[in-house]
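K.L.:
Right, I'll just put the structure down here and ask away after.
The values are calculated or read from the model by the stated rules, or taken from the named source; none is laboratory data. Model, not experiment: these values are computed from the prediction. Methodologically, a virtual Cβ is constructed for each residue, glycine included, from the backbone with ideal geometry; neighbour enumeration extends over all protein chains shown.
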């Protein structure tokens with residue numbers, strides 16, 4: 001249930017306070033201020049237009065001269081005070097900047113005229129504004145994707161501005177201009193109005209009401225079309241979802257099969273790798289000591305044997321210098337022979353531990 005605080009029913013402007021002017025949209029303020037002054041007291045509006053009332057009297061030669069204030073009657077006093085009331089109303093309607101602009105004026109008529117000159121300009125400026133807004137009126141067109149109401153509001157602003165500048169249009173001129181400004185999509189409606197109505201007597205309000213009704217019908221048709229499209233899209237989307245579900249099931253099945261195959265191939269690869277490693281380990285075997293894990297050049301037994309042979313050669317070098325060279329050559333030949341012998345002969349050499357045994361074996 002709607003209440004008085006509902007935003008749909010906002011409060012209008014006050015009928016007691018004068019319309020406020022802050023240097024923006026002077027034609028709009030001027031129209032509203034004129035209506036306000038006429039509603040307040042039509043005599044006040046006459047004072048604003050024609051100037052203050054001044055009681056007059058005749059002199060000796062029958063000429064009009066200002067009447068002394070002490071001789072004013074009640075009616076003259078009341079008419080004279082209207083100027084002060086009009087000044088007060090205008091001052092209450094202006095902001096601080098505009099008040100300082102006209103504060104030196106002594107009559108409401110002077111204030112009104114000064115604001116006219118400031119915001120409407122001289123005759124040259126006025127003609128320039130009329131020319132500019134007239135061109136806007138001639139080129140006026142209804143914008144795409146805009147409502148009839150917004151179009152009519154924009155059209156009214158242009159017409160009212162020209163009216164404030166002194167250029168007015170008749171009703172049939174405005175009706176024909178609005179019809180010509182309709183876009184191509186409205187061609188059918190425009191033809192129907194031109195054939196069924198007399199544009200010379202057709203009120204502009206009736207024209208706008210007819211256009212708004214036609215706009216609502218178009219919007220309803222677009223809404224039904226969009227609903228049908230949305231239903232079709234939902235159906236196609238549902239079908240695509242089902243197809244997507246089937247595709248996903250097939251992909252899951254293929255993925256499971258691939259994982260099984262990959263697992264089997266991985267196990268096979270591991271088995272082959274293990275088998276190859278075993279073969280490699282069996283291949284790596286020392287020919288010297290017949291033990292796996294190293295080769296002949298790295299055999300610790302052969303190295304130990306060589307060291308013992310070298311130590312024995314050095315110990316005997318001090319006793320017999322003559323035999324030294326012979327023993328050395330024999331030792332070297334023995335080591336070379338040991339390196340070249342077969343694996344069976346090396347088994348016998350492995351048990352030797354002294355130089356004499358090694359020498360006897362070489363002989």
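K.L.:
For the range 66-94, what are the residues that are touching a strand residue (DSSP E or B) at 6+ places or on another chain (Cβ under 7 Å) and touching a residue at least 40 places away in the same chain (Cβ under 8 Å)?
P.N.:
93, 94
K.L.:
All but one of (1) part of a strand (DSSP E or B); (2) at pLDDT below 80 hold for residue 13; which doesn't?
P.N.:
Going through (1) part of a strand (DSSP E or B); (2) at pLDDT below 80 one by one, residue 13 breaks only (1).
K.L.:
With the requirement that a residue be within 15 Å of residue 98 (Cα to Cα), modelled with pLDDT under 90 and surrounded by fewer than 16 Cβ atoms within 10 Å (Cβ to Cβ), what does the range 16-49 give you?
P.N.:
Hits for the range 16-49 are 22, 23, 24, 25.
K.L.:
Please work out if residue 125 is outside the structural domain of residue 40 (by TED's automatic domain parsing) and loosely packed, with under 14 Cβ neighbours inside 10 Å.
P.N.:
yes
K.L.:
Shifting gears a bit: Considering only the range 148-159, I want to know if a residue exists there that is in a helix (DSSP H, G or I), in contact with a strand residue (DSSP E or B) (Cβ under 9 Å, 6 or more places away or on another chain), within 26 Å of residue 38 (Cα to Cα) and at pLDDT 90 or above.
P.N.:
No - not one qualifying residue is present in the range 148-159.
K.L.:
Only one residue in 90, 94 is within 18 Å of residue 42 (Cα to Cα) and modelled with pLDDT of 90 or more. Which one?
P.N.:
The unique qualifying residue is 90.
K.L.:
Mind counting the residues in the range 114-126 that are in a helix (DSSP H, G or I) and over 44 Å from the mean Cα position of the chain (by Cα)?
P.N.:
Qualifying residue count, the range 114-126: 6.
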